[in-house]
1. With (1) of a type outside the set (Lys, Arg); (2) closer than 19 Å to VAL18 by Cα; (3) open to solvent by less than 10 Å² (accessible area, probe 1.4 Å) as the list, and GLY149 as the residue in question, which single condition is left unmet?
2. (1) in a helix (DSSP H, G or I); (2) buried (at least 17 other Cβ atoms within 10 Å of the Cβ); (3) in contact with a His (Cβ under 9 Å, 6 or more places away or on another chain): which one isn't true of PHE96, the others all being true?
3. Could you tell me how many of the residues in the stretch 1-34 are hydroxyl-bearing (Ser, Thr, Tyr) and crowded, with 18+ Cβ neighbours inside 10 Å?
4. Condition check: over 23 Å from LYS118 (Cβ atoms), of a type in the set (Ser, Thr, Tyr) and under 19 Å from the mean Cα position of the chain (by Cα). Does THR33 satisfy that?
5. With the condition kept exactly as written, say whether any residue in the stretch 138-148 is in a loop (DSSP other than H, G, I, E, B), without any contact (Cβ under 8 Å) to a residue 12 or more places away in the chain and more than 23 Å from VAL38 (Cα to Cα).
6. Filter the stretch 61-86 for residues that are open to solvent by 100 Å² or more (accessible area, probe 1.4 Å) and not charged (D, E, K, R) and give the result.
7. Using the structure shown, decide if GLY117 is in contact (Cβ under 8 Å) with a residue 12 or more places away in the chain, open to solvent by 40 Å² or more (accessible area, probe 1.4 Å) and not in a helix (DSSP H, G or I).
8. For ARG103, which of the numbered conditions (1) under 25 Å from THR161 (Cβ atoms); (2) crowded, with 17+ Cβ neighbours inside 10 Å fails to hold?
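The values are calculated or read from the model by the stated rules, or taken from the named source; none is laboratory data. The model shown is predicted, which means the values in this text are computed figures rather than measured ones. Here the Cβ positions follow ideal geometry from the backbone for every residue, glycine too, while neighbour counts run over all protein chains shown. These area figures cover heavy atoms from the full protein model, side chains too; ligands, DNA and RNA do not enter into them. Shrake-Rupley method; radii C 1.70, N 1.55, O 1.52, S 1.80 Å.
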Amino acid sequence: DINKLVSCMNSGEKKTVVDADTNEGTSVGITGTPGFFVNGRLLAGAYPFEEFKKIIDEELSGKPDPKATRTSVKVGNAPTQGSESAPITILEYSDFQCPFCERAFPTVQQILKEYSGKVLFAYKHFPLNSIHPHAQKAAEASECARDQGKFWEFHDKLFETQQEWSSL
């Protein structure tokens with residue numbers, strides 16, 4: 001319902017949700033976007049599928065790198081895709097207006113497809129407000145869409161059409 005979405009977005013009621021994700025991201029070492037944690041291992045940036053594959057395959061092998069630095073990150077109430085019982089959890093801190101996040105979007109889609117049943121993907125907001133003036137409201141709008149059970153459709157559409165709306 002577009003009217004509910006616009007009303008929710010204009011109310012500012014989702015600002016606290018977005019701000020909580022951003023504050024949490026900062027506390028776990030996120031300084032830019034996209035920032036991914038693969039079973040707690042930080043991968044900061046829009047890396048190609050092959051880089052994720054190396055880490056995921058290593059994690060799935062049962063012999064992960066004992067020297068790998070891990071950060072305790074919790075999915076919490078973040079929207080998720082994939083299997084709740086998956087052995088791999090990928091948590092992304094992202095900004096809907098970030099061109100690097102847009103570049104990472106197809107990589108995440110490929111991971112979910114190729115590792116179906118083995119990956120739980122969670123999305124958290126990290127709008128870079130100082131350089132992306134529409135990122136905060138896009139994040140808040142996605143949370144309003146989530147209230148209507150449409151978070152992932154909205155998420156996908158924002159990245160698919162980023163070139164159209166981000167320069168408004």
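1. (3)
2. (1)
3. 2
4. Taking the combined requirement at face value, the residue satisfies it.
5. No, the conditions are met nowhere in the stretch 138-148.
6. Selection gives PRO66, THR69, ASN77, SER85.
7. yes
8. (2)
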